[in-house]
Amino acid sequence: MEKNIMGTNVVTQIGIVCHDIEKTAQAYADLFGVEKPEIITTDTQDIAKTVYQGKPTPARTKQAFFHVGPNLDIELLEPDHEPSTWRHDLDTYGEGIHHIAFVVDGKETIVKKFERNGMKEIQKGEWIGGRYSYIDAKQRLKVTLELLEFDKQDNKE
């Protein structure tokens, strides 16, 4: 495998799939002694442009984020029943860790590097302010990787 494919080794997020985000978010809030965070739902297909295994999908997921370090979030995910990596993993493996995420620059180039190294992009999408790709690294790294790329902010005043 090529070395330093992503250009970073800083984990920014650990994603966990669950059946009941309200209950799971409350359990984490109790564990951390904080208020339960807002639960949001990902954007619709017209904005998210979600593609799973090469095909557009209307899949959405509920999300809740816990900030557990200066640069680290625990993301809880409760997927709908449309085809997605979230739904596949929840149905196949049950509740638990879905991905480890990294913020990258040049996501498309990095995806190509992963694919050259036998790890395929299984899902991608967008949100207002950025985009993501999930890489199937389970055989080699025992987990799905998420690449997060944020839009560049214009610092003009």
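The values are calculated or read from the model by the stated rules, or taken from the named source; none is laboratory data. What you see is a predicted model; the values in this text were computed from it and never measured. Cβ placement follows ideal geometry from the backbone for every residue including glycine, while neighbour counts extend to all protein chains displayed. Accessible surface areas use protein heavy atoms only, side chains included; no ligands, DNA or RNA. Shrake-Rupley method; radii C 1.70, N 1.55, O 1.52, S 1.80 Å.
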* Of 59, 101, 64, which residue is modelled with pLDDT of 95 or more, more than 11 Å from the chain's Cα centre (by Cα), of a type in the set (Gly, Ala, Ser) and not in a loop (DSSP other than H, G, I, E, B)? -> 64
* **Conditions (1) without any contact (Cβ under 8 Å) to a residue 60 or more places away in the chain; (2) touching an Asp or Glu at 6+ places or on another chain (Cβ under 9 Å); number of the one not met by residue 50** => (1)
* What tally of residues in the stretch 21-73 results from selecting those that are among the β-branched types (Val, Ile, Thr) and touching a Cys at 6+ places or on another chain (Cβ under 9 Å)? -> 1
* Across the stretch 9-36, what is the number of residues that are farther than 24 Å from residue 134 by Cα and not hydroxyl-bearing (Ser, Thr, Tyr)? -> 12
* If you check 37, 79, which single one turns out to be open to solvent by less than 40 Å² (accessible area, probe 1.4 Å), at pLDDT 95 or above, more than 25 Å from residue 122 (Cβ to Cβ) and not small (Gly, Ala, Ser)? -> 37
* **Qualifying positions in the stretch 70-123 - touching a His at 6+ places or on another chain (Cβ under 8 Å) and of a type outside the set (Val, Ile, Thr)** => 73, 77, 78, 86, 87, 89, 90, 95
